[in-house]
Amino acid sequence: MRGKTDTLRCARRQRGRARRGVGSLRAFAVVAVLATALAATAARAQSPPPSLTAPLPDFAELEAAGARIGAIRIRALDVFDTSDPAESNVIFRAANALHIRTRPWLIEGSLLFRTGEPVSVKRIEETERVLRATRSLFDVQIRPTAVNEGVVDIEVVTRDTWTFDPGFSASRAGGSNATSYALREYNLLGTGLGISFGRFSNVDRSGNEFAIGGERLFGSTVSASFLQASNSDGSRLATRLVRPFHELDARWAAGITASFDDRVDPLYRSGEVVSRYRRTEDRVEAFGGLSEGLVDGWVRRWSAGVSMLRDTWGPEPGFVPPPVLPVDETLVAPFLRMETIEDRFVTSRNLNQMGRPEFLPMGLQTVLQIGYASQAFGSTRDALLYAASISRGFEPGPRQTMLASAKLEGRYADGAIERQRLGGQLQYFLPQGRRWLFYTGLSGDVLTHPGPLDMLTLGGDNGLRGYPLRYQAGTRRALLTLEERFYSDLYVFRLFRVGGAGFVDVGRAWGGPNAGPESERWLADAGFGLRIFSVRSAFSNVLHVDLAFPLDGDSSVKRVQFLVKTRTSF
């Protein structure tokens, strides 16, 4: 009996344990389900809806869909991005603290699109070209941020350059030195206004100079400038107030420019000054223009105005005068100017700049201006004045770029062409991988019936790097340049990009009464050098440091020419 009772108790304990096991399994399952549900809920709460994570359409897709522009947000950023570990240091933070950022209203005034307008890829791309051409901006990004019922919000993000230039610069070319000491601010208080004052000295003269001006004055489309220089040999005053055709679709332009220059000019032969003379040159022009804007990919503009040139020449005491001096003249001429632009641009990198977008005008561009100077208007003689230019880009092969241009100016008086200059240039770029590029430049000029002192020079300061300054002179000039360019990965202190070039120059200037015996043959040089791009500053010129070796020089030409110059391109 007792054994039976023990058996029953054992069975009851086993059934209890089984029930508790089932209960535990049920509790675990419930907890697991709840945990899974909570995790899914948390994930949904942390992740945006699928419609928000999907990539936004680009501007081309938005234009095709007929979207209109909604809110436009401007974000003007400091010079250095301190959220980037490479730019997060004491020096860059101090520079940001000292720098005054570009005012958002100045950037907004440069935008070529407005709220409520249809999205236009062309206008957005042109806006980027306009903004990137501004000295005070290093980078520009224009992007859609939200799309809702056919309305797109746009963000314009810009990053400033360092705009205060505090000091000293020096250059050497053709055996001559040039220096300047100046304080310059290219973006005063973030308003786009530039101001500078300082002293310069070069092979021709020295002087003190003051300048102030801006391309988009206080956010408007007006460009204004004033310059005054007191020089060792005279003075110069120049002023400009212009509302230009500031975009391809601009409908009108007007302005006035004036310059008054009194100086002593040298006459060179074999790279040496043989005489000097005083020249006073005053120029004034006022104009107004109209356009239908951008129509079917083309822009046509018509401008009318009046120009005045007063040119006087004379001997300078203490110097040997030229054998013949031109006759003083005054030309007052109403003129008509016609301009055509084809809206075709391409974006490239590592051609004439390093690490920055370059906008190349590949479309046809022409300018023709004709004026008539009459004694009835106060001119010293009657003359037909003309000037014309044409340029176009080509793509002769994959990744190849060719830019061609030509200019013509002169006058027709007393039944003959006078003081006419015809010039042309051809540039060819052939990339050879990511870091190498082959460049060829060919240029030529011809003077027809020039004045007694009109001449074309060639030497260390303008293309023939292995020879002295203005070594050859004449009425004809030709220059061929071959370069193998290298664009390195160096980004020194996040301030400078570094490249290099090996080059060969072949050229000649000849013809006319000012040509010397050195102009009787073609000259050539070869060399190599560094290119240092100051990419984070408003004065982002390219420093050229070259060694050039003349190949055909006589005993008077040094066997090595050392050149240090700042230029605007590679």
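The values are calculated or read from the model by the stated rules, or taken from the named source; none is laboratory data. Note that the structure is predicted; figures quoted are calculated from it, not measured. Because the Cβ atoms are built from the backbone with ideal geometry, glycine has one as well, and the counts that use them run over all protein chains shown. Just so you know, the surface numbers come from the protein's heavy atoms only, side chains and all, with ligands and any DNA or RNA stripped out. Shrake-Rupley method; radii C 1.70, N 1.55, O 1.52, S 1.80 Å.
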Notebook entry, point to check: When only residues in the stretch 168-195 that are surrounded by fewer than 17 Cβ atoms within 10 Å (Cβ to Cβ) and out of contact with any Gly (no Cβ under 9 Å at 6 or more places or on another chain) count, which is nearest to residue 239 (Cα to Cα)?
Noted result: 189
Item checked: Selection within the stretch 469-486 - modelled with pLDDT of 95 or more and either touching a Phe, Trp or Tyr at 6+ places or on another chain (Cβ under 6 Å) or in a strand (DSSP E or B) (or both) -> 476, 477, 478, 479, 480, 481, 482, 483, 484, 485, 486
Notebook entry, point to check: What residue, of 437, 490, is modelled with pLDDT of 95 or more and more than 23 Å from residue 176 (Cβ to Cβ)?
Noted result: 437
Next item on the list: Identify the single condition in (1) out of contact with any Lys or Arg (no Cβ under 8 Å at 6 or more places or on another chain); (2) under 29 Å from residue 161 (Cβ atoms) that residue 536 does not satisfy, given that it satisfies every other one.
Entry: (1)
Check: Mind checking which pairs have a first residue in the stretch 284-295 that is free of Cβ contacts under 8 Å to residues at least 40 places away in the same chain and a second that is among the charged types (D, E, K, R) and surrounded by 16 or more Cβ atoms within 10 Å (Cβ to Cβ), Cβ under 8 Å, 6 or more apart or different chains?
Finding: 290/301
Notebook entry, point to check: Right, residue 470: within 29 Å of the chain's Cα centre (by Cα), surrounded by fewer than 22 Cβ atoms within 10 Å (Cβ to Cβ) and farther than 26 Å from residue 399 by Cβ or not?
Noted result: no
Check: If you go through the stretch 343-364 one residue at a time, how many are β-branched (Val, Ile, Thr) and out of contact with any helix residue (DSSP H, G or I) (no Cβ under 9 Å at 6 or more places or on another chain)?
Finding: 1
Next item on the list: For residues that are under 17 Å from residue 500 (Cβ atoms), assigned to a strand (DSSP E or B) and either open to solvent by 50 Å² or more (accessible area, probe 1.4 Å) or not hydroxyl-bearing (Ser, Thr, Tyr) (or both), tally how many sit in the stretch 532-551.
Entry: 10
Notebook entry, point to check: Between residues in the stretch 416-428 that are more than 17 Å from residue 512 (Cβ to Cβ) and residues that are open to solvent by 70 Å² or more (accessible area, probe 1.4 Å) and in a strand (DSSP E or B), which pairs lie under 9 Å by C-beta distance while being six or more apart or on different chains?
Noted result: 424/407; 424/442; 425/407; 425/442; 426/442; 427/442; 428/442
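Matching residues to (1) open to solvent by less than 50 Å² (accessible area, probe 1.4 Å); (2) hydrophobic (A, V, I, L, M, F, W, C); (3) modelled with pLDDT under 95; (4) in a loop (DSSP other than H, G, I, E, B):
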{"site": "124", "(1), (2), (3), (4)": "yes, yes, no, no"}
{"site": "127", "(1), (2), (3), (4)": "yes, no, no, no"}
{"site": "134", "(1), (2), (3), (4)": "no, no, yes, yes"}
{"site": "154", "(1), (2), (3), (4)": "yes, yes, no, no"}
Note to self: Among the numbered criteria (1) without any contact (Cβ under 8 Å) to a residue 60 or more places away in the chain; (2) assigned to a strand (DSSP E or B); (3) open to solvent by 60 Å² or more (accessible area, probe 1.4 Å); (4) over 30 Å from residue 527 (Cβ atoms), which one does residue 115 miss?
What the structure shows: (2)
Note to self: Quick check on the stretch 233-246: of everything there that is at pLDDT 95 or above and outside any strand (DSSP E or B), which residue is surrounded by the most Cβ atoms within 10 Å (Cβ to Cβ)?
What the structure shows: 245
Notebook entry, point to check: Considering only residues of the stretch 454-467 that are over 14 Å from residue 525 (Cβ atoms) and open to solvent by 20 Å² or more (accessible area, probe 1.4 Å), which is nearest to the chain's Cα centre (by Cα)?
Noted result: 457
Notebook entry, point to check: Can we say residue 142 is open to solvent by less than 20 Å² (accessible area, probe 1.4 Å) and modelled with pLDDT of 95 or more?
Noted result: no
Notebook entry, point to check: Out of 275, 291, 303, 307, which single residue is closer than 30 Å to residue 470 by Cβ, modelled with pLDDT of 95 or more and outside any loop (DSSP other than H, G, I, E, B)?
Noted result: 307
Margin query: I need a count of the residues in the stretch 203-247 that are small (Gly, Ala, Ser), over 25 Å from the mean Cα position of the chain (by Cα) and farther than 24 Å from residue 565 by Cβ.
Written below: 3
Next item on the list: State the number of residues belonging to the stretch 55-110 that are touching a Pro at 6+ places or on another chain (Cβ under 6 Å) and either under 17 Å from residue 135 (Cα atoms) or open to solvent by less than 40 Å² (accessible area, probe 1.4 Å) (or both).
Entry: 2
Check: So, in the stretch 331-354, of the ones that are outside any strand (DSSP E or B), in contact (Cβ under 8 Å) with a residue 40 or more places away in the chain and closer than 24 Å to residue 247 by Cα, which residue ends up most open to solvent (accessible area, probe 1.4 Å)?
Finding: 344
Checklist line | Test for residue 494: is it at negative phi and of a type in the set (D, E, K, R) | finding: no
Margin query: Show the residue pairs meeting these rules: Cβ distance below 7 Å; 6+ apart or different chains; first residue within the stretch 310-330 and under 13 Å from residue 265 (Cα atoms); second residue open to solvent by less than 30 Å² (accessible area, probe 1.4 Å) and assigned to a loop (DSSP other than H, G, I, E, B).
Written below: 313/326; 322/453
Notebook entry, point to check: Any idea which of 323, 357 is at pLDDT below 95 and either touching a His at 6+ places or on another chain (Cβ under 8 Å) or open to solvent by 60 Å² or more (accessible area, probe 1.4 Å) (or both)?
Noted result: 323
Margin query: Take the conditions under 22 Å from residue 564 (Cα atoms) and either in contact with a Cys (Cβ under 8 Å, 6 or more places away or on another chain) or crowded, with 18+ Cβ neighbours inside 10 Å (or both) and apply them to residue 437. Does it pass?
Written below: no
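If I filter the stretch 168-202 down to residues being assigned to a loop (DSSP other than H, G, I, E, B) and closer than 15 Å to residue 566 by Cα, which single residue comes out as modelled with the lowest pLDDT?
Ranking the candidates gives 174 first.
Can you say whether residue 434 is assigned to a loop (DSSP other than H, G, I, E, B), out of contact with any strand residue (DSSP E or B) (no Cβ under 7 Å at 6 or more places or on another chain) and either among the acidic types (Asp, Glu) or over 19 Å from residue 477 (Cβ atoms) (or both), as far as the supplied structure shows?
On the way: assigned to a loop (DSSP other than H, G, I, E, B): yes; out of contact with any strand residue (DSSP E or B) (no Cβ under 7 Å at 6 or more places or on another chain): yes; either among the acidic types (Asp, Glu) or over 19 Å from residue 477 (Cβ atoms) (or both): yes.
Answer is yes for this residue.
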Checklist line | Filtered residues of the stretch 241-276 (kept if within 30 Å of residue 513 (Cβ to Cβ) and polar (S, T, N, Q)) | finding: 259, 270, 275
Note to self: Restricting to the stretch 205-232, and then to whatever is charged (D, E, K, R) and out of contact with any Lys or Arg (no Cβ under 8 Å at 6 or more places or on another chain), can you tell me which residue is most open to solvent (accessible area, probe 1.4 Å)?
What the structure shows: 215
